[in-house]
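The block underneath contains the structure these notes are about, expressed in structure tokens.
None of the figures in this text is laboratory data; all of them are computed from the coordinates on show. This structure is a prediction, so every number in the text was calculated from the model and none was measured. Here the Cβ positions follow ideal geometry from the backbone for every residue, glycine too, while neighbour counts run over all protein chains shown.
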Amino acid sequence: MMKFLLAILLILHGLIHLMGFAKAFHYGKITQIKDEISKPIGILWLLDSVLFILSAVLLLLKNDFWILLSVIALIISQILIFKTWKYAKFGALINIFLLIIVILSYGSIRFENDFKNDTKKSITISNSKKTEILTQNDIKHLPLVVQNYLKYAGAINKPKVKNMRVVFEGEMRENGKRYFPFTSEQYNFFEEPSRLFFMKGKMFGLTVPGYHKYQDGKAAMNIKLFGIFPIIRHSGAVMDKTETVTLFNDMCLLAPATLIDKRIQWQFIDDKTVKATFTNKESRISARLYFNEKGHLVNFISDDRTAMADGKQYPFSTPVSDYKSVNGIKLMSYGEAVWYYPDGKFTYGKFHLKEIQYNCK
């Protein structure tokens, strides 16, 4: 909605600049501007109008070039306004307002481009590796219930998963606060485990972007208002271990084919439950995986994840449901993120799977 309102404002501001062109060429009766305007300056008013309208079009087309174009238009506009300051000074307020919005938009785009650039580099590295087919022989070392899960999912006789792209929509909240809606896009890479997660949350009508980056066993979380002003920033050994749990959770729920990874150690608990220990670099984490009689993985519980809000470890759970076939693989399509605090269960996230792609190019 904000994008469309901004586009409308750019177009309207551009159309107003046509008054200067009309005044110079004596089209109509322009009484708002009393001073005479030369024809060369009138053509400049016309050009500026076109630049504003074109920047609005590029904005709607999601072409980042709109930012540079709008800055040029604003500079020209301000020069023209100074020339007719007595009659056009109100336009300077609009220019200042638009400039602030453009700067904030640039901050958000630059912040998201960090995620996109990291993703491009990782995809290039991932695609340099040979793609093999997952066979029955690859899964024979797994507990029977995990083997059955991979068979149910339809992962056998399909390409092994080197990377994946996932899009979620949902709601999140902090303890004691209301849910806010979010959308997220993430890329996971599995030969050298990494997770690049970019989220856009809606808070008080504003889009607040956040980037969770986990590579080489190191994790960092940055949440910035308009991609400029830091709100939350976490990194360090505790964050590394916490994000290792999150990455392994993704492997279990969204990329079953990756559970053949040699960094996973398995322990049988009962016919429907196993314990898995996953090691990456300096982080070693474990989780209990719960399955039902249909072969669905229905819950993942780990005691190795830290709540960043208070820096304490609590049991972390992701119950999932609504299995569907997505790109030939049967996966959960709805999940929740749950903390088990001393005073009870707290669901802080609800996730709806919208898109998933494997072995992205």
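Here the residues SER235, SER194, SER126, SER70, ranked from fewest to most Cβ neighbours within 10 Å of their Cβ, fall in the order SER235, SER126, SER194, SER70. When each of the peptides 209-219, 13-23 is scored by the mean number of other C-beta atoms lying within 10 Å of its residues, the order from highest to lowest reads 13-23, 209-219. Think of the chain as having a plus end and a minus end, set by charges on the Cβ of Lys, Arg, Asp and Glu; of ILE139, ILE67, ILE228, ILE67 sits farthest toward the positive end of this dipole.
For region 303-361, the alpha carbon convex hull comes to 121 Å³ per residue, rounded to a whole number. Calculated on the alpha-carbon coordinates, the convex hull of region 22-132 measures out at 124 cubic angstrom per residue. With the convex hull of its Cα atoms as the shape, region 72-200 has an orientation-averaged projected area of 14.1 nm².
Give, rounded to the nearest 20 debye, the magnitude of the charge dipole that region 2-105 has about its Cα centre when Lys and Arg contribute +1 at Cβ and Asp and Glu contribute -1 at Cβ.
Value, rounded to 20: 240 debye.
When the chain is treated as a Gaussian network with alpha carbon springs shorter than 10 Å, the biggest mean-square fluctuation among PHE197, PHE229, PHE82 belongs to PHE82. When both region 315-342 and region 135-196 are represented by their alpha-carbon centers, they are found 10 Å apart. What is the angle, in °, between the Cα long axis of helix 90-127 and the longest principal axis of the Cα atoms in the chain? Nearest 10 is fine, range 0 to 90. That helix lies at roughly 30 degrees to the long axis. Among HIS296, THR318, SER286, flag the residue with its Cα farthest along the positive direction of the charge dipole of region 285-361, charges on Cβ as +1 for Lys/Arg and -1 for Asp/Glu. The residue sitting most towards the positive pole is HIS296. Here is how the number arises for the chain: DSSP H runs of 4 or more residues each give -39500 (n - 2.57), the sum is divided by the residue count, and the result at 222 nm is -12500 deg cm²/dmol.
Angle check, please: helix 39-60 long axis (alpha carbons) against the longest principal axis of the chain (alpha carbons), in degrees 0 to 90, nearest 10. Tilt relative to the chain: about 20 degrees. The candidate values are (1) 1.11; (2) 1.30; (3) 1.02; the one derived from this structure for Cα Rg over 2.2 N^0.38 Å carries the label (2).
Angle of helix 2-16 to the longest C-alpha principal axis of the chain, folded into 0 to 90 degrees and rounded to 10: 10°. As a proxy for reagent exposure, ranking TRP266, TRP45, TRP85 by other Cβ atoms within 10 Å from fewest up yields TRP85, TRP266, TRP45. In terms of surrounding Cβ atoms within a 10 Å radius of their Cβ, LEU10, LEU60, LEU44 rank from fewest to most as LEU60, LEU44, LEU10.
Only the Cβ atoms of Lys and Arg (+1) and of Asp and Glu (-1) were treated as charged; on that basis the dipole of the chain about its Cα centre amounts to roughly 560 debye. When peptides 308-314, 337-343 are ranked by their average number of other Cβ atoms within 10 Å per residue, the highest-first order is 337-343, 308-314.
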